[in-house]
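Please treat every number below as a calculation from the coordinates, not as lab data. Everything numeric here is computed off the predicted structure, so don't read it as measured data. Quick reminder, even Gly has a Cβ in these numbers, built from the backbone with ideal geometry, and neighbours come from all protein chains shown.
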Amino acid sequence: MTTILSMISPLQSLIPRWSAWSWSRPEEHPLLKANREHFAAFSQDKPLTDYEFVVFDTELTGLNERRDEIVSIGAVRIREMRVDLQNCFYTCIQPDQCVPKSSTLIHRITPGQTDDAPKLEGVLPEFVSFCGQALLVGHNVGMDIGFVNRSLKKHLGGILRNPCLDTMRLAMQYKESQWENYYDRYNLNVSYTLGDLSKEYGLPLFSEHNALQDAMQTAYLFLYFVHKLHGGKIKTLRDLYLAGRSWRWL
């Protein structure tokens with residue numbers, strides 16, 4: 001919330017230009033309208049097993065939200081607090097720009113792989129349908145949902161309203177709770193990368209920088225924190241929110 005509020009002032013000067021652009025925005029897609037209406041009345045007080053979670057990740061041409069694009073999306077579903085490896089979503093995406101070599105070195109997606117891939121506007125309705133009424137989970141999820149929602153505004157006239165949970169924030173809260181009992185609580189030599197956390201906690205390891213593999217890795221990390229935070233006493237979604245302060249309303 002602090003981050004969002006701190007951005008309001010510098011953005012005010014752009015409101016006239018944005019308002020003019022908004023007239024050309026497409027009408028809100030029926031899928032996004034249904035999504036918005038569902039999450040307008042949302043309860044956090046049901047048992048965690050009553051919710052579905054979609055854990056997702058994106059690979060990008062770069063980290064600039066205005067200039068860069070999504071080149072792949074991967075997602076996996078969690079039902080009854082178990083990873084459903086048979087219920088996955090993955091696609092490469094053909095960006096408008098050429099995939100730069102610097103990003104290919106990270107995610108290994110080449111221009112040749114994206115040449116025959118679908119365009120983002122064709123993929124987005126499928127991804128929205130896959131997410132459905134599930135809660136979204138990601139590692140540093142704000143970046144991924146930021147790219148997705150920017151694209152949804154452009155092509156489908158709205159955004160996903162699914163609340164998001166951030167495994168990076170859960171990791172920070174979990175480590176903080178551990179440090180309270182150790183003399184080296186102020187040791188700052190800590191890594192919060194997805195791979196390092198998964199190795200530290202002995203989780204199954206998947207290939208890095210592949211959207212689907214990273215989504216699976218994040219899913220196992222998420223379930224680990226659900227079982228470990230507050231000594232395994234987390235029963236409802238509200239318990240998880242209070243334990244990890246990991247919630248993000250969009």
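Order by neighbour count: Arg36, Arg82, fewest other Cβ atoms within 10 Å first, most last. Can you show the working numbers first?
Working: Arg36 14, Arg82 11.
Listing Arg36, Arg82 from fewest to most nearby Cβ atoms yields Arg82, Arg36.
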Identify all lysines with a Cα-Cα distance to Lys228 below 27 Å; exclude those on the same chain that are fewer than 8 residues away in sequence.
Lys46, Lys175, Lys199
Listing Ser24, Ser177, Ser198, Ser207 from the residue with the fewest other Cβ atoms within 10 Å to the one with the most, what is the order?
Ser24, Ser207, Ser177, Ser198
For segment 30-66 and segment 80-104, what is the separation of their C-alpha centers, rounded to whole Å?
17 Å
For Cα pairs less than 8 Å apart in space and 6+ apart in sequence, what is the mean separation divided by the residue count of segment 124-227, i.e. the relative contact order in percent?
25 percent
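Ranked by Cβ crowding within 10 angstrom, fewest neighbours first, how are Leu152, Leu221 ordered?
Leu221, Leu152
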